[in-house]
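To start, the structure under review is shown below, and the notes come after it.
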Protein chains: 2
Amino acid sequence: MRKRTSILVTNDDGIHAPGIYALWEAMQEMGDVTVMAPNTEKSAVGHAVTISDPIRIEPITRHGGFEGYAVNGTPADCVKIAVGSFLEVEPDIVVSGINAGANVGSNILYSGTVSAAAEGIMLGIPSIALSINTFKSDYYDLAKSVAQTMMKKVLHNGLPKGTLLNVNVPKCSASECSGYKITRQGGEYFLDKLEKREDPRGRQYFWMGGKIINNDKSDDQDGNALANNWISVTPIQYKLTDNSFLDTLSDWGFE
Amino acid sequence: MRKRTSILVTNDDGIHAPGIYALWEAMQEMGDVTVMAPNTEKSAVGHAVTISDPIRIEPITRHGGFEGYAVNGTPADCVKIAVGSFLEVEPDIVVSGINAGANVGSNILYSGTVSAAAEGIMLGIPSIALSINTFKSDYYDLAKSVAQTMMKKVLHNGLPKGTLLNVNVPKCSASECSGYKITRQGGEYFLDKLEKREDPRGRQYFWMGGKIINNDKSDDQDGNALANNWISVTPIQYKLTDNSFLDTLSDWGFE
């Protein structure tokens, strides 16, 4: 008997988010799904892990047969825990999402969705991060079919060691979508503006706001592709050394 | 009158940590220092930012004239807030540390210390992350002098746009130290093991433990260099696209 594909599903919007439910639905048809996700929203946690607090793992059920485990930790924690300790068999693939809001450009660095996939590849498991360019939950049909397509292609072709796929789905229907586009991480970023406010007791506090800036010109950059209704697929790796600067740095004259 | 150098100091161990005090002492001699750091320990928060909670900023004083601002946020928050809103003049340099414990290999990705410096370069400011390979505070003399040397060299030579220096100081005295070594990010990583425990009420919980694994062979890899008493200096950048995989990915036959 052929072994069924074992799929680990996680996210950073939390186990009660609509996006992870949609992803669970899509993955149900593809193999055996384990859902392990943060118990609350953990957006913008980047690659945080919990080392100074106890971790709780709680079984969760939702309608339609959704079962999963809620963790009082980060997306990266969830993957570490599932793969290193909780699951008896190592998953064939990690799929993280479907994130509410795009993860492109500089924001990849802040993304809990992408960091869950990063943890997956660090543990040697092919991993996909999946986001949709909207905060509304009316657009999951296309993203669900993208999740299935990407998963099949990754399992069929494999990924280089240490590389994940960061997939962003536009806010549109399948018929309005331009198709798939292989992209690079572009330069889109969030320009922060701290808003000063006063609480009911007259004490000052701040709230992080701002706006998205995108000066990219080319459709092979993730943010631009997405804006033009492409499904952007960017291979991401974490070899961070700036090799081009090593020689110059050696000439700085350290004793 | 020549303008004094403006230095932003932050960390991830929190504003009350001994390491940031040592860094403040070292930087005091070099220019005008502003300290803005998390109000509690934020180790392993990676590049997290606070978007869903109000942010408080509180003035803090410690002995010896140490003044700073405590933020109920992450290291990246501190840099965003200081540079984007709080400081009237943009700092000439961001120095993050002195972190208790090395930040080398894969752990760079989890490090709040490094992510504060990453936030600095994303805002266009030359930035240094500084860590020491011990959790004891008896070894700051060497690290303090390294902080001063690195700061002078960075301001004198400049850094490429988008590149920070990740500096790790060995646990030794200046006389035992092998000197400076320009290094690459190596493969050292933390092998996680989740410990299962029971709380006083009989409920199961977990604690993230594990051990460091280092299979690196060469002294130009950060973890190895550090183990051999070198001060490792690694240029780090965040262009994450796996360019070498783009062509293969294009051949996957997306419609």
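Once you have all Cα-Cα distances for region B:34-121, histogram them in 10 Å bins from zero and send the whole-percent values.
Final binned percentages: 17, 51, 29, 3.
Please work out the FRET efficiency for the pair B:Asp53 and A:Lys196, using the Cβ-Cβ distance as r and a Förster radius of 25 Å; give the result to the nearest 0.05.
Taking R0 as 25 Å, the efficiency between B:Asp53 and A:Lys196 is 0.95.
Using 0.36 nm per residue of separation minus the Cα-Cα distance, give me the extension gain between A:Phe254 and A:Asp138 in nm, one decimal.
The A:Phe254-A:Asp138 span can extend by a further 36.0 nm.
Using 1/(1 + (r/R0)^6) with R0 = 51 angstrom and r between the beta carbons of B:His63 and A:Arg62, what's the FRET efficiency to the nearest 0.05?
In this case the efficiency is close to 0.45.
Is the shape of region A:118-193 best called rounded, prolate or oblate, per the rule: a/c under 1.5 gives rounded, else a/b larger than b/c gives prolate, else oblate, with a ≥ b ≥ c the square roots of the Cα gyration tensor eigenvalues?
Oblate, because a/c is 1.5 or more while a/b does not exceed b/c.
Report for chain B the percent antiparallel among DSSP-assigned beta bridges with both residues inside it, nearest 5. Kindly include the intermediate steps, with their values, before the conclusion.
On the way: 21 of 47 bridges.
Around 45 percent of the beta bridges assigned by DSSP in chain B are antiparallel ones.
Which lysines have a Cα lying under 19 Å from the Cα of B:Lys153, excluding residues fewer than 8 positions away in the same chain?
B:Lys3, B:Lys144, B:Lys161, B:Lys181
For region B:9-58, what is one quarter of the convex hull surface built on the Cα atoms, given in nm²?
If you wrap the Cα atoms of region B:9-58 in a convex hull and average its projections, you get 4.1 nm².
How high is the relative contact order of region A:159-217, given as a whole-number percent (alpha carbon pairs under 8 Å, six or more residues apart)?
So the answer I get is 29 percent.
Contour minus end-to-end for A:Asn228 and A:Gln204, with contour as 0.36 nm per residue of separation and end-to-end as the Cα-Cα distance? Please report the intermediate quantities before stating the final value.
Numbers: separation 24, 0.36 × 24 = 8.64 nm, distance 4.12 nm.
Full-extension gain reported as 4.5 nm.
Antiparallel DSSP bridges in the protein assembly as shown: what percent, to the nearest 5?
Close to 45 percent.
Rounded to whole Å, give me the distance from the Cα center of region A:20-84 to that of region B:25-91.
Measuring centre to centre over Cα atoms gives 32 Å.
Place the label 7 angstrom along Cα→C-beta at A:Gly210 and in each other copy, then list the distances from the first to the rest in nm, shortest first.
Copy-to-copy label distances for A:Gly210: 2.9 nm.
Given Cα pairs under 8 Å that are at least 6 residues apart, what percent is the relative contact order of chain A? Intermediate results must be reported in sequence, preceding the final value.
Details: 562 pairs, mean separation 43.3, N = 255.
Computed value for chain A: 17 percent relative contact order.
Give the Rg (one decimal place) followed by the Dmax (whole number) of region A:72-126, computed from C-alpha coordinates and expressed in Å.
Over region A:72-126's Cα set, Rg and Dmax evaluate to 11.5, 36 Å.
Please work out the C-alpha center-to-center distance from region B:165-227 to region B:235-252 and express it in whole Å.
With region B:165-227 and region B:235-252 each reduced to a Cα centre, they are spaced 27 Å.
Quick one: among A:Ile236, A:Ile60, A:Ile128, which has the greatest mean-square fluctuation in a GNM of chain A with alpha-carbon springs under 10 angstrom?
Among A:Ile236, A:Ile60, A:Ile128, the largest mean-square fluctuation in the Gaussian network model of chain A belongs to A:Ile60.
Please list, by residue number, everything in region B:144-185 whose backbone N is under 15 Å from a paramagnetic label point 7 Å out along Cα→Cβ of B:Glu29.
B:144-153, B:174
Starting from the Kirkwood Rh over alpha-carbon pairs, what translational D in µm² s⁻¹ does chain B have by Stokes-Einstein at 4 °C and 1.567 mPa s?
68 µm²/s
Using θ = phi - 60° and the Karplus form 6.51 cos²θ - 1.76 cosθ + 1.60, what ³J(HN,Hα) does each residue of region B:91-100 get, whole Hz, x for Gly and Pro?
Those phi angles translate into x, 6, 7, 10, 10, 10, x, 6, 6, 7 Hz.
Identify which of A:Asn107, A:Asn228, A:Asn157 has the largest mean-square fluctuation in a Gaussian network model of chain A, with springs joining Cα atoms closer than 10 Å.
Taking springs between Cα atoms under 10 Å, the residue moving most is A:Asn157.
Starting at the first residue of region B:185-196, write each ³J(HN,Hα) from the Karplus equation 6.51 cos²θ - 1.76 cosθ + 1.60 with θ = phi - 60°, in whole Hz, x for Gly and Pro.
Calculated HN-Hα couplings, in order: 4, x, x, 4, 8, 9, 8, 6, 9, 7, 8, 8 Hz.
May I ask you to derive the relative contact order of region B:56-103, considering only C-alpha pairs under 8 Å and at least 6 residues apart, and to give it as an integer percent?
22 percent
Could you compute Rg(Cα) / (2.2 N^0.38 Å) for the protein assembly as shown, with N its residue count? It would help to have the intermediate numbers written out before the result.
Working: Rg = 22.6 Å, N = 510, 2.2 N^0.38 = 23.5 Å.
Dividing the Cα Rg of the protein assembly as shown by 2.2 N^0.38 Å gives 0.96.
Rounded if a/c is under 1.5, else prolate if a/b is larger than b/c, else oblate: which is region A:1-150, with a ≥ b ≥ c the root eigenvalues of its Cα gyration tensor?
The shape class here is rounded.
Among A:29-38, A:204-213, how do they line up from the highest to the lowest mean number of other beta-carbon atoms within 10 Å?
A:29-38, A:204-213
What is the ratio of the Cα radius of gyration of region A:163-255 to 2.2 N^0.38 Å, with N the residue count, to two decimals?
1.65
How much of the DSSP beta bridge set in region A:134-255 is antiparallel, as a percent to the nearest 5?
Taking every DSSP beta bridge with both residues in region A:134-255, the antiparallel ones total about 75 percent.
Partner chain Cβ atoms within 10 Å, averaged over the residues of A:245-252 - can you pull that number for me?
Mean shielding by partner chains, rounded to a whole number: 6.
Just so you know, all these numbers are worked out from the coordinates, no wet-lab data involved. Quantities reported herein were computed from a predicted structural model and do not represent experimental measurements. No Cβ is skipped: glycine too gets one built from the backbone with ideal geometry, and neighbour counts run over all protein chains shown.
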